[in-house]
Amino acid sequence: MKVKDILEKACYENILTKDEIKLLLMAEGDDKELLFKTADSVRKEHVGDEVFLRGLIEFSSYCKNDCFYCGLRRSNSQAQRYRMQEDEIVEVAKRAYQMGYRTVVLQSGEDMYYTKDMLCSIIKKIKSSVDVAITLSIGERSYDEYKAFKDAGADRFLMRFETSNKKLYRKYHPGMSFENRIECLKWIKNLGYELGTGFLIGLPGQTIDDLAQDILLVKELDADMIGIGPFIPHPQTPLKDAEEGSVDLTLKSIAILRLLIPDANIPATTALGTLDPLGRQKGLMCGANIVMPNVNDLEYKLKYELYPGKICINEDATKCRGCIESIIVSLGRKVGQGKGQSRHYKRAA
Ligand code: 5AD
Ligand code: FES
């Protein structure tokens, strides 16, 4: 089958076989350009020219897990740890609102210091002070906790499954279970959150076959938001000498998922912008429609080191927003107004 025919099928049926996805992941030259162009026009048709900005608040750099790739892993004794207190988190959310953000993403390592009641209280306080959508990105919790956060006012939840290859998952996530993570994602979806998930590109040992399977799993989970980023080796982790993930494969995965879930929200991730100075622009031109700038103070940004070399780290939050707005305009796009709920979610509701 030719790439052109596969793209046509993807546009009409929103589903592809694993082999078809693999062919797209391996596309080069004119074929690759056609993939990107098709994804860009599907993006325009289904979610328009608006690029929505999400204010990312990384509120704790403590983590009980030990993921092999992540700088926040508990075995990284050199990591600088911090916890923001309740009022401080609420203040930063208000500041994000004043800067124009209508979604805040509360992200942290898996930090059980924050109990169900504390998180509910933070969510309620933010919701009663400013009109924003709240996205949580805090990892695995119990059904009861996810339900309580939703009842408290949380709207969306992000949690990547990282890799669908169970062997690799086990190898790189000691003490964690792939099955439990997938169960959490299903609970989150059933509780009525907008669900975000995705994976890492370029974990050592990962094959094209694995990536095709990752793409199919995002489709199967029926994600409303899709986060895909290249792996970047962190010097204080067991994967410090591994090769970084491919920008090209990341862009192709974004493009393919835009075809398979045309109305999803897909960010051009910071990791993409870190490996390629034009990475975010390229992402936005092949299917992405979201950017997630950090709105924290410099002090915290420096300490939340998932991977080294993160862009924008020295910019203050206002400047960062201005910079991203000009990137959006330079691409002939518009800064999204309002909360920018996933159109995929609306259709399902
Ligand atoms: N390189 C790229 N992305 C990483 N993440 C964690 N560590 C790294 C790394 N070294 C990603 C994971 C996680 C998200 C918050 O950050 O995919 O889900
Ligand atoms: Fe924190 Fe992986 S190191 S969830």
Inset, instruction - With the condition kept exactly as written, say whether any residue in segment 103-113 is open to solvent by 50 Å² or more (accessible area, probe 1.4 Å) and charged (D, E, K, R). - result: no
Inset, instruction - Would you check if there is a residue in segment 240-252 being within 13 Å of ligand 1 (Cβ to nearest atom) and in contact with an Asp or Glu (Cβ under 7 Å, 6 or more places away or on another chain)? - result: yes
Inset, instruction - For Met292, state whether it is among the aliphatic types (A, V, I, L, M), within 22 Å of Leu7 (Cβ to Cβ) and open to solvent by 10 Å² or more (accessible area, probe 1.4 Å). - result: no
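If you take just the helices (runs of 4 or more DSSP H) that sit entirely in segment 237-348, which of them hold at least 3 residues that are out of contact with any Gly (no Cβ under 9 Å at 6 or more places or on another chain)? Don't jump to the end; show me each part of the working.
Values: elements: 247-260, 270-275, 279-284, 298-303, 317-330, 343-348.
Correct list: 247-260, 298-303, 317-330, 343-348.
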Inset, instruction - Those residues that are within 19 Å of Lys301 (Cβ to Cβ) and away from ligand 2 (no atom under 16 Å from the Cβ), I need them from segment 101-146; list them, please. - result: Tyr101, Thr103, Val104, Thr135
Legend entry - Failed item, numbered, when Glu88 is tested on (1) open to solvent by 60 Å² or more (accessible area, probe 1.4 Å); (2) more than 16 Å from ligand 1 (Cβ to nearest atom); (3) under 21 Å from Arg141 (Cα atoms): (3)
Inset, instruction - Please enumerate the residues belonging to segment 156-166 that are touching a residue at least 40 places away in the same chain (Cβ under 8 Å), away from ligand 2 (no atom under 12 Å from the Cβ) and open to solvent by 10 Å² or more (accessible area, probe 1.4 Å). - result: Leu158, Ser164, Asn165
Inset, instruction - Go through the residues of segment 186-209 one by one and say whether even a single one is within 16 Å of ligand 1 (Cβ to nearest atom) and of a type in the set (D, E, K, R). - result: no
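Which residues, taken from segment 197-236, are assigned to a loop (DSSP other than H, G, I, E, B), open to solvent by 10 Å² or more (accessible area, probe 1.4 Å) and more than 22 Å from Arg74 (Cα to Cα)? Break it down into steps so the answer makes sense when it comes.
First pass over segment 197-236, keeping only residues assigned to a loop (DSSP other than H, G, I, E, B): 202-207, 221-224, 231-236.
The next check asks that each one be open to solvent by 10 Å² or more (accessible area, probe 1.4 Å); those that pass are 202, 204-207, 221-222, 232-233, 235-236.
Across segment 197-236, the qualifying residues are Gly202, Gly205, Gln206, Thr207, Leu221, Asp222.
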Inset, instruction - Confirm whether Glu194 is buried (at least 18 other Cβ atoms within 10 Å of the Cβ), away from ligand 2 (no atom under 16 Å from the Cβ) and modelled with pLDDT of 95 or more. - result: yes
Legend entry - segment 252-279, residues that are farther than 24 Å from Gly55 by Cβ and open to solvent by 10 Å² or more (accessible area, probe 1.4 Å): Pro262
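Residue check: is Asp31 open to solvent by 20 Å² or more (accessible area, probe 1.4 Å), out of contact with any His (no Cβ under 8 Å at 6 or more places or on another chain) and touching a residue at least 60 places away in the same chain (Cβ under 8 Å)? Working first, answer last.
Working: open to solvent by 20 Å² or more (accessible area, probe 1.4 Å): yes; out of contact with any His (no Cβ under 8 Å at 6 or more places or on another chain): yes; touching a residue at least 60 places away in the same chain (Cβ under 8 Å): no.
When the stated conditions are applied, Asp31 does not pass them.
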Inset, instruction - Kindly indicate the residue of segment 49-62 that is farther than 16 Å from Leu302 by Cα and surrounded by fewer than 22 Cβ atoms within 10 Å (Cβ to Cβ) and also nearest to ligand 2 (Cβ to nearest atom) among those meeting that condition. - result: Glu50
Legend entry - Single match in Lys94, Lys147, Lys116 (criterion: of a type outside the set (Phe, Trp, Tyr), over 28 Å from Met176 (Cα atoms) and away from ligand 1 (no atom under 16 Å from the Cβ)): Lys94
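The values are calculated or read from the model by the stated rules, or taken from the named source; none is laboratory data. These numbers come from a predicted model, not from an experiment. Here Cβ is always computed from backbone atoms with ideal geometry, including for glycine, and neighbour counts include all displayed protein chains. Note: accessible area is taken over every heavy atom of the protein model, side chains too, but ligands, DNA and RNA are not part of it. Shrake-Rupley method; radii C 1.70, N 1.55, O 1.52, S 1.80 Å.
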